[in-house]
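The structure appears below as structure tokens.
The values are calculated or read from the model by the stated rules, or taken from the named source; none is laboratory data. Being a predicted model, the structure only gives us computed values, none of them experimental. Cβ atoms come from the backbone with ideal geometry, glycine included; neighbour counts cover every protein chain shown. The protein model used for the area step is the full one, side chains on, heavy atoms only, and it has no ligands, DNA or RNA in it. Shrake-Rupley method; radii C 1.70, N 1.55, O 1.52, S 1.80 Å.
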Amino acid sequence: MLNPRYAEVSQAWGSYKAAFILDYNGKSKTTKEIINSSFPKLYGDRLVELDKEPDLDCDWCAIECLTHESDLVEGLEGKLSKYQAGLAELYQKSLTVYKDVNLVVIIGHPHNWSKRISIGKTTTDKEELRVVRSNQIWCRYYYDTLTCKGSSGAPIFKWGQPISGFGHWFGHPHNHVGKSGLGGKSTIGVENIIY
């Protein structure tokens, strides 16, 4: 059985106009001003996938964008490689430095502001929801990190969290989804099981 929201989102997708503003770090602006700005943009062409599980939150999707700007693609590939290398380096450090720290960092653009960083701690162990494969699980985190409204979708960096890589659900598996009590909770994501 599919999540009922899956059908709703899939049917409504044709009327959506998804725009992705790249390199935005400016001052607070309205959404219209940002979209009409000179920042590089990608536009969603096709909804590739979204959460279909009926017993879990419908909280992630993959969107395909098209562009003819080869310089933009090369630039994004370079940034992606640098990002992956940085995440791998941080994960290696987490194995030996501050091993027992429950640090959570959220980086986002609430209220269309410039980049904001919120720091807190996990409030519980990760919630393990399902084994995906023999070496991967679906899970989520709960944390005391404070965020403003409009932070949904912001990436969550958990110290010591194994990174799945961009081959499965496009890499960093957790994003901020909203409030849970006094803190927040992450989207459901995939993590490699470390034995």
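Of all residues in region 115-125, those satisfying the criterion of being without any contact (Cβ under 8 Å) to a residue 60 or more places away in the chain and not acidic (Asp, Glu) are Arg116, Ile117, Ser118, Ile119, Lys121, Thr122, Thr124.
Select from region 129-149 the residues that are exposed (fewer than 14 other Cβ atoms within 10 Å of the Cβ) and either under 30 Å from Ile21 (Cβ atoms) or under 18 Å from the mean Cα position of the chain (by Cα) (or both) and list them in ascending order. Result: Cys148, Lys149. How many residues are over 30 Å from Gly183 (Cβ atoms) and open to solvent by 100 Å² or more (accessible area, probe 1.4 Å) when one looks only at region 80-103? Qualifying residue count for the region: 1.
In this structure, does Asn112 turn out to be surrounded by 13 or more Cβ atoms within 10 Å (Cβ to Cβ) and either in contact (Cβ under 8 Å) with a residue 60 or more places away in the chain or under 26 Å from Lys32 (Cβ atoms) (or both)? Yes; evaluated as a whole, the condition is true for this residue.
Each row is one residue, and each column tells you yes or no for (1) on the phi > 0 side of the Ramachandran plot; (2) modelled with pLDDT under 80; (3) surrounded by 14 or more Cβ atoms within 10 Å (Cβ to Cβ).
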residue: Ala7; (1), (2), (3): no, yes, no
residue: Tyr16; (1), (2), (3): no, yes, no
residue: Leu22; (1), (2), (3): no, no, no
residue: Lys29; (1), (2), (3): no, yes, yes
residue: Asp45; (1), (2), (3): no, no, no
residue: Glu64; (1), (2), (3): no, no, no
residue: Ser70; (1), (2), (3): no, no, no
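Please enumerate the residues belonging to region 90-105 that are free of Cβ contacts under 8 Å to residues at least 24 places away in the same chain, within 23 Å of Thr123 (Cα to Cα), among the polar types (S, T, N, Q) and assigned to a helix (DSSP H, G or I). If the condition is that a residue be free of Cβ contacts under 8 Å to residues at least 24 places away in the same chain, within 23 Å of Thr123 (Cα to Cα), among the polar types (S, T, N, Q) and assigned to a helix (DSSP H, G or I), then no residue fits. Only residues that are β-branched (Val, Ile, Thr) and in contact with a Lys or Arg (Cβ under 7 Å, 6 or more places away or on another chain) were counted across region 87-121, and they come to 2. The C-beta contact set for region 74-89 (first residue part of a helix (DSSP H, G or I), second residue open to solvent by 70 Å² or more (accessible area, probe 1.4 Å) and of a type in the set (A, V, I, L, M), distance under 8 angstrom, 6+ apart or interchain) is empty.
Taking the numbered list (1) out of contact with any Asp or Glu (no Cβ under 8 Å at 6 or more places or on another chain); (2) at pLDDT 80 or above; (3) surrounded by 13 or more Cβ atoms within 10 Å (Cβ to Cβ) in turn, Ile117 passes all entries but (3).
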